[in-house]
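The values are calculated or read from the model by the stated rules, or taken from the named source; none is laboratory data. Keep in mind the model is a prediction, meaning the values are calculated, not measured. Counting neighbours? That spans all protein chains shown, and the Cβs are built from the backbone with ideal geometry, glycine included. These area figures cover heavy atoms from the full protein model, side chains too; ligands, DNA and RNA do not enter into them. Shrake-Rupley method; radii C 1.70, N 1.55, O 1.52, S 1.80 Å.
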Amino acid sequence: MERYLGHLAPRFYALLRIVAGILFAMHGTQKLFGFPGDQPAAGETLMVLAGVIETFGGILIAVGYMASPAAFVCSGEMAVAFFMAHAPKGPIPLLNGGEVAVLYCFLWLFVAAHGAGIWSIDQSQKNAAEAPL
Amino acid sequence: MSRDRWSSVAFILLRVAAGVMFAMHGTQKLLGWPGTKAPATAALAITAGWIEVVTGVLIAIGLFAGWAAFIASGTMAVAYFLPHAGGGVFPIVNRGELAVLYCFLWLWIAARGARWNLSGDSNRSSSSSSA
């Protein structure tokens, strides 16, 4: 399959990064503004902090600006969220409600290590540095 | 470790964790484990369960992972539009977020490939611009 789709891998990575970044940011806006969804905005300081990290981190990752540090922070936030909110209910992510947290944690860890890739502000800055107009 | 090496390690962690959790969705449908719900009886659910178990394991161990991921990605796309998209446009509201995440994750891994051994070419970017 890599033979047929391999040349598309950077584009699929960018799609994944953008979609996951937007979805992640929506978790943040849910906590800060109650949107999307119909639950009220969070009141506890910890949840508001999580909301801020998720909203801004998600946007930074989606547009690919300072994606590596943003993703690293978001990955850590997900790890903390998993161990604080989900792990007490049991170890298996599918059962303790922490599957999304685990996925995001490892995904953002990879984005932090690998970088934003194409279709990102980071990449266009790199391109401009190498071949300035 | 070099940046490339960190990237390879992170990719393996992501692939194994996601593959194992994906396979667990399948075992939930086929065996009722993990969890307390009874195994599925509908033919569509049993098919989905088998696909999830087989592709999840293949991706986690890095064997034919490209093909497995491509099939898993399509399964998730179908899974999203069948039960989830009717509940509203935002995956976070219609509870389809997992399906969307898995769909795009598997699509990328289908194109990128994944091998079982740490030094396998597909675990590491072949050039700085590829993903």
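Number of Lys pairs in the protein assembly as shown with C-alpha atoms less than 22 angstrom apart, excluding same-chain neighbours closer than eight positions?
On the way: A:LYS31/A:LYS89; A:LYS89/B:LYS29; A:LYS89/B:LYS37; B:LYS29/B:LYS37.
For the protein assembly as shown, the number of qualifying lysine pairs is 4.
Counting only the Cα atoms, region A:1-125 fills a convex hull of 121 Å³ per residue. When +1 charges are put on Lys and Arg Cβ atoms and -1 charges on Asp and Glu Cβ atoms, the dipole computed for chain A relative to its Cα centre reaches about 220 debye. Each of A:ILE92, A:GLY64, A:SER75 was placed along the dipole of region A:5-133 (beta-carbon charges, centred on the mean Cα), and the one lying farthest toward the positive end is A:GLY64.
Averaged over peptide A:16-24, how many Cβ atoms belonging to another chain are found within 10 Å of each residue's Cβ? Please list the in-between numbers first.
On the way: counts 9, 3, 1, 6, 5, 0, 3, 7, 3.
Averaged over the peptide's residues, the number is 4.
The heavy atoms of A:GLU130 offer some 150 square angstrom of accessible surface to a 1.4 angstrom probe. Label-to-label distance, B:ARG95 versus B:VAL20, with points set 7 angstrom from Cα along the beta-carbon direction: 2.6 nm. Converting phi to 3J(HN,Hα) with the Karplus coefficients 6.51, -1.76 and 1.60 and the offset θ = phi - 60°, region B:98-115 yields 4, 4, 5, 4, 4, 4, 6, 4, 5, 4, 5, 5, 4, 7, 7, x, 7, 10 Hz in sequence order, with x at every glycine or proline. Rounded to the nearest 20, the size of the Cβ-charge dipole of the protein assembly as shown about its Cα centre is 420 debye, with Lys and Arg at +1 and Asp and Glu at -1.
What are the membrane-span-like helices in chain A by this rule: whole DSSP H runs, Cα extent along the axis at least 15 Å, mean Kyte-Doolittle hydropathy at least -0.5? If you can, show how the numbers build up before the last one.
On the way: long enough: A:9-33 (35 Å, 0.88); A:45-63 (27 Å, 2.09); A:67-81 (20 Å, 1.17); A:99-114 (23 Å, 1.79).
Membrane-span-like by this rule: A:9-33, A:45-63, A:67-81, A:99-114.
Estimate for me the total accessible surface buried between chains A and B (protein heavy atoms, probe 1.4 Å, no ligands or nucleic acids), in Å² to the nearest 100. Buried area between the two chains comes out at roughly 3500 Å². When the Cα positions of A:ALA41, B:ALA77, B:ALA114 are compared along the charge dipole of the protein assembly as shown, B:ALA114 comes out farthest toward the positive end, with charges on each C-beta of Lys, Arg, Asp and Glu.
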